[in-house]
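Shown next, in structure tokens, is the structure this report addresses.
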Amino acid sequence: MDKIKKTCSELKMPLIAIAFAFVFGSLLILSTGKNPIEAYSALFRGAFGSPAAISQTLNKAIPLIFTGLSVSIAYQCKSLNIGGEGQLVFGAFGASLVGVYLKGLPMLVHLPLAILAGFIFGGLWAVIPGLLKIKKDVNTVISTIMMNYVAFSVVSFLINTYFKADKSDFVAMNWVETTARIPFIQNGGLRICIGIIFAIIAAIILRILLQKTVLGYEIKAVGGNQNASNSNGISSKKNILISLIISGGLAGLAGAMDILGNSGKLYDGYNPGYGFDGIPIALLAKGNPVGVILTALLFSVLRTGAVTMQTSVGVSRTIVDAMQGVIILFIAAEYIFTIYKKARLNRTKMIEEKKLEGAQ
Amino acid sequence: MTYAIEAINVCKYFGNLKANDDITIHVEKGTVHAICGENGAGKSTLMNVLYGLYLPTAGHIRINEEDVSLKNPKDAIERGIGMVHQHFMLIQNLTIAENIVLGQETGTKLFLDRKKAIKEVEELCEKYNLHVDPKARVDEITVGMQQRVEILKALYRGVDLLILDEPTAVLAPQEIEELFENIRLLVSKGKTVIIITHKLNEVLEISNRISVLRLGKLIGTVNTNEVDESKLTQMMVGRDVVLGGRERKETIKKDEVLKIENLSLTKGHHKALDEINIDVKSGEIVGIAGIDGNGQSELIEIVSGLLKHYTGEVEVNGENIKRKNVRKVRADGLGYIPEDRHRDGLVLDYSVAENMILGQHYHEPFAKNYFLKFNAINDFAEQNIKDFDIRTMSKDSLASTLSGGNQQKIILARETCNKPKFILASQPTRGLDVGAIEFVHNTLVEARNNEQGILLVSFELDEILALCDRLYVFHMGKVVGELKKEEFDVEEIGKMMLGLREAKANG
Amino acid sequence: MISIEAIILMTISTAVPLVFASLGGVLSERSGVTNIGIEGMILFGAFCGMAVSYFTKNPVLGVIAAAVGGGLLALIHAFISISCGGPQAVSATGITLFSVGITSFGLRLIFNRAGNSDPVAYLPTTEIFRDIPVIGKYMANFSPLLYLAIIVGVGIWYLFRHTPLGLRIHTVGENPKVAETLGINVWRIRYWCVIVSGMLAGLGGAYLSLGQMNLFQENMSAGRGYLALAAVILGRWKPLGVIAACLFFSVFDAIQLQLQATNMTGLSPTILSAIPYVVCLLVLAFSFGKSKAPAANGKPYLKKQG
């Protein structure tokens, strides 16, 4: 009973944030002279209206879950990793390398290797911001975003030079071998990528990591109080670095899933924006891995449906970006409520104490 | 008789908590009025009301027999009230002159006249016989001098009434004497002083009248020459208190739990620690006396294993710690009670139980194969909550919801319950009320009786004198004296703390 | 061939938006509020400037609108991080994402297409300087915003060096509690510093859309806000040091642009365009000693409830 109550109160703020974002979106739609109800119904039709739409919504959720988890794990250690996009691109590149250039392996070996490569490449890309943070105390936001620009350039350069496809209309790498492609489940009009299962498993693993393991305890301890952690033999540097590497790895996995499952091929100029979407997804879920699954689905609905909204009603899908910003701002402002709650808690605490003292 | 300031039926409630409950105090002009009470009695709240930082829930303030309403410190400053906070309100990287004129700057809006500021500060120094160098930066001067700057800051604003919040907490005995002389000088020039403190001997020495608070209520106001220390204690606490722990047993003192040889540490351009030699044996409490900032915190960081770039030898429980990390040092028999429990002791967003295993969370019985063992953790927490009488709703309450005393008990439980051979305690009673202080002292003395060795760092000389079997005095990163219990002498130790004298023979 | 002259001129002109933005960063951070949202404020400023210039045909009004737009976004950031005491990095990230979305949306709304806007009326260069001997012919080529940036830079230097207000801002950023006990209104100072920092970022944006170019492109801020913040760190929160750091980054930007133009290295433009960011990361990695940020930077200060 208590648990339900707790969950409800935890859900309250995110729901208010979402509602407010929709209201804000309505204003934008009105400003274009369109009808918000019409636009939103087109949006939801685009996301749920047909088996194909549902498939697309679920498939789009895969990379979003991974980037959401990526931001979550870093945020547990109080680093804001907004370089997910670069780590994702680098992870996609790693997965493509293994997917394209390793040949003749059975799928059971090839696919895991390609996915692993995504994790490793993404993780490596987060090592530099991690080192800058622990050695020089450079703000992670600044260093990770710089690494984004570098990642785009480096990967683009590599695709344009050493890893360019033999013949292709666009600049791109070769097709990933079929043994490294993530299979789809097909049933009627549904066509769902197995990656969604990987994503859910990843969320569960992360949940267990954070709640049940020594590493999770240490990461959260460092996130809660770096000094106390260091004084008690929990290295804040080590844990910040580890959490950033896991974070980068998860973003890399998002890229791997997208290439190995969705597109099958890494094009020049690939940056799908999932890395940035991970930020509101994680913040809205308050870093809770299971919550990330839900918020990622929500964003997937918005992103998928927005395309239909644009084509059928003529409202630009970029309003979703603005709505995301609004959600984040709301979450940030929400602090005022938690602080108010804390103040109330403090007061009750003092009163309790006085009572206890009085009873002595 | 005229009154400088009066609190009439002042109440300050935080929700249901009555921090100040119907307090009426009249402070006579040209006197020193002391406000006494233990931590949590409501002294600071009352002062914050007088200084305009809090609005009273009910009641009102009169200044010079005139009703006033103080909405913010600016109102209070305008009416000639000044306050010297316990934690000095100075900007470290500005000069003394800049700190003093801040908020009422010399010159025009578009030009800060630093020369004029310096001149005005020099004149003030002359007038009140408080000497400082206006051009020096605050982070270059001693604590005693910082306090002088604080007083000058108030005088620059033309105070008639000066509130001093625990002004002696960080001073050496001689500096306290000097402060008292300054207070007397101020009073002779017609100023009124309110001094907040819990040190009774000082209250009796400096004040004309004393008001005692307890649990938010005014117990009474008395003339100083009509009371003594035990009467005041009775008023403050409601019972007799024995600090310094219960009985002390004879101990064997056979093991050397801490041995420091020629320890030096360079920080920037100066030596934070300079050729330190210290040893602690099992079954004794050894104190480090000294004014804040004379190398104590560096010593603690080194002994606890955090700081490594020192020279010299540090052995804990007979083993050199240079190559050990914090975790290893602790695992090999060190309990560490940090000076700032919020900064170094607890993760406030973690539950009581989670805090109880901080630092021990990685080994059995609390963890196995990288996974936490919640049954063992919970049992351990329940047991400690019972043994240490920790007042909490449950083991799952967040540490942030506990009172300071109970938070300190979490740390005490964690660091002492498995009987480490050596306990490093830094200011273990800072900010606690008398009941909790008693508990901490008893725990430490029990550990001593149990043949554990304890190094106690404290800026409260009284605490060190009461608890320790032996003490070292620190000054400017050097050990300037080592005294046994029978040689303890406040006057002597005070001189050493100020660097005025070295002990004749070391040991 | 690479011409030194061209690089110097290019350095100066690419430094302008960075200088505006990083001076804004100095102001905000010295008062104790980190403003990572500068990136979004530049972008929003660039858009507002273009839009107003497009509708009024008056680029000066556009510049003013850019400053107002940046200031408005900063006001949101100020509200969240000062009044609500919210996490400042999160708020700023929200600001930036919001700005990306709203400007793209606005672009489609006005011009009904993605990518970039129509050309609009832009600021003329400072021809009045042409008759100054020797340097006049160079000075005449720059936008008036360059000179405004110089004035702002000197002004902020003077503010912190010689005025009571500067001393108070410094105090609020080092220890807000001290300020409050002296009767200084912490929130008011922080609010104004953040708002002005947003206005300066907006001016940086105006330089992009109305000075350097005459149109708005999606994401045209292109990470300059973050480079500006890196410059704040590198310049140790001191106005003149920060301007020097901006020029330092701009030199590399200018060199890379020159290399692209002359195509003498044979390297692809994509790899060259990463040079300023790589340099920035390297500098942050190898700058010796820990730089000292304002002590209360990034820490919310909540007033006691009276």
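Before moving on, here are some points about what is shown:
- Whichever residue in segment C:152-165 is of a type outside the set (S, T, N, Q) and more than 24 Å from C:A15 (Cβ to Cβ) and, among such residues, is nearest to the other protein chains (Cβ to nearest Cβ): C:P164
- Residues considered: C:S268, C:S287, C:S250, C:S197. Of these, the only one that is within 18 Å of A:S143 (Cβ to Cβ) and hydroxyl-bearing (S, T, Y) is C:S287.
- A:F24 assigned to a helix (DSSP H, G or I), within 14 Å of another protein chain (Cβ to nearest Cβ) and either under 30 Å from A:S156 (Cβ atoms) or modelled with pLDDT under 95 (or both): yes
- Given (1) under 26 Å from the mean Cα position of the chain (by Cα); (2) surrounded by 20 or more Cβ atoms within 10 Å (Cβ to Cβ); (3) not β-branched (V, I, T), number of the condition B:A76 does not satisfy: (1)
- The condition (being away from chain C (no Cβ under 14 Å) and either at pLDDT below 85 or part of a loop (DSSP other than H, G, I, E, B) (or both)) is satisfied by just one residue among A:L250, A:L297, A:L356, A:L260: A:L356.
- Residue in segment C:211-218 that is in a helix (DSSP H, G or I), more than 10 Å from every other protein chain (Cβ to nearest Cβ) and surrounded by 24 or more Cβ atoms within 10 Å (Cβ to Cβ) present: yes
- A search for C-beta distances below 6 Å between a residue of segment C:209-233 that is in contact (Cβ under 8 Å) with a residue 12 or more places away in the chain and any residue that is assigned to a loop (DSSP other than H, G, I, E, B) and among the hydrophobic types (A, V, I, L, M, F, W, C), counting only pairs 6+ apart in sequence or on different chains, returns C:S209/C:F216; C:L210/C:L123; C:G211/C:L123; C:N214/C:V120.
- Residue in segment C:261-268 that is more than 8 Å from every other protein chain (Cβ to nearest Cβ), surrounded by fewer than 22 Cβ atoms within 10 Å (Cβ to Cβ) and closer than 22 Å to C:F142 by Cα present: yes
- Across segment A:148-163, the qualifying residues are those that are among the small types (G, A, S) and at the interface with another protein chain (Cβ under 7 Å from one of its Cβ atoms), and the one among them that is farthest from C:I271 (Cα to Cα) is A:S156.
- For C:M199, the conditions (1) among the aliphatic types (A, V, I, L, M); (2) over 28 Å from B:H85 (Cβ atoms); (3) within 8 Å of chain B (Cβ to nearest Cβ) are fulfilled apart from (3).
- When the helices (runs of 4 or more DSSP H) confined to segment C:123-174 are screened for residues that are touching a strand residue (DSSP E or B) at 6+ places or on another chain (Cβ under 9 Å), those reaching at least 1 such residues are found at C:144-162, C:164-174.
- Contact map, segment B:461-480: residues that are without any contact (Cβ under 8 Å) to a residue 24 or more places away in the chain paired with residues that are outside any strand (DSSP E or B), Cβ distance under 9 Å, separation 6+ or inter-chain. Pairs shown: B:V480/B:G290; B:V480/B:M496; B:V480/B:M497; B:V480/B:G499; B:V480/B:R501; B:V480/B:E502; B:V480/B:A503.
- Of all residues in segment B:330-347, those that are assigned to a loop (DSSP other than H, G, I, E, B) and either at the interface with another protein chain (Cβ under 7 Å from one of its Cβ atoms) or crowded, with 21+ Cβ neighbours inside 10 Å (or both) total 3.
- A single entry from B:L55, B:L90, B:L50 fulfils the requirement of being at pLDDT below 90 and not aromatic (F, W, Y): B:L55.
- Residues within segment A:192-227 that are within 14 Å of chain B (Cβ to nearest Cβ) and out of contact with any Gly (no Cβ under 6 Å at 6 or more places or on another chain), tallied: 20
- Considering residues of segment B:425-437 that are assigned to a helix (DSSP H, G or I) and within 16 Å of the chain's Cα centre (by Cα) only, the residue modelled with the highest pLDDT: B:I437
- Among the residues of segment A:215-228, some residue qualifies, meaning at least one is assigned to a loop (DSSP other than H, G, I, E, B) and farther than 30 Å from A:G49 by Cβ.
- Positions within segment A:128-137 being within 7 Å of chain C (Cβ to nearest Cβ) and either buried (at least 24 other Cβ atoms within 10 Å of the Cβ) or in contact with a Lys or Arg (Cβ under 9 Å, 6 or more places away or on another chain) (or both), in sequence order: A:K136, A:D137
- Failed item in (1) part of a helix (DSSP H, G or I); (2) under 30 Å from B:P420 (Cα atoms), with B:E261 passing the rest: (1)
- Within segment B:301-326, if we keep just the residues that are assigned to a helix (DSSP H, G or I) and over 12 Å from B:L265 (Cα atoms), the residue that is nearest to the other protein chains (Cβ to nearest Cβ) turns out to be B:V326.
- Matching residues, segment A:97-140, being hydroxyl-bearing (S, T, Y) and at pLDDT 95 or above: none
- Residue in segment B:419-432 that is free of Cβ contacts under 8 Å to residues at least 40 places away in the same chain and in contact with a Gly (Cβ under 8 Å, 6 or more places away or on another chain) present: no
- C:V120 vs. criteria within 30 Å of C:F216 (Cα to Cα), away from chain B (no Cβ under 14 Å) and aliphatic (A, V, I, L, M): yes
- Across segment B:10-26, the qualifying residues are those that are within 19 Å of B:E66 (Cα to Cα) and buried (at least 23 other Cβ atoms within 10 Å of the Cβ), and the one among them that is nearest to the other protein chains (Cβ to nearest Cβ) is B:V10.
- Scope segment A:270-286; condition modelled with pLDDT under 85 and surrounded by fewer than 24 Cβ atoms within 10 Å (Cβ to Cβ); matching residues: A:K286
- Summed over segment C:166-196, the residues that are of a type in the set (A, V, I, L, M), without any contact (Cβ under 8 Å) to a residue 24 or more places away in the chain and more than 7 Å from chain B (Cβ to nearest Cβ) give a count of 1.
- When segment B:117-133 is filtered for residues that are crowded, with 16+ Cβ neighbours inside 10 Å and either under 9 Å from B:I100 (Cα atoms) or within 27 Å of the chain's Cα centre (by Cα) (or both), the ones remaining, listed by number, are B:A117, B:V121, B:L130, B:V132, B:D133.
- Only one of C:A114, C:A6, C:A92, C:A66 that is at pLDDT 95 or above and out of contact with any strand residue (DSSP E or B) (no Cβ under 6 Å at 6 or more places or on another chain): C:A66
- Inspection of segment C:49-59 finds no residue satisfying the criterion of being more than 12 Å from chain A (Cβ to nearest Cβ), outside any helix (DSSP H, G or I) and aromatic (F, W, Y).
- The set of residues in segment B:293-324 being acidic (D, E) and surrounded by 16 or more Cβ atoms within 10 Å (Cβ to Cβ) consists of B:E298, B:E301, B:E315.
The values are calculated or read from the model by the stated rules, or taken from the named source; none is laboratory data. Since the model is a prediction, treat every value here as computed from it, not as a measurement. Every residue, glycine among them, receives a Cβ derived from its backbone with ideal geometry; neighbour counts consider all protein chains shown.
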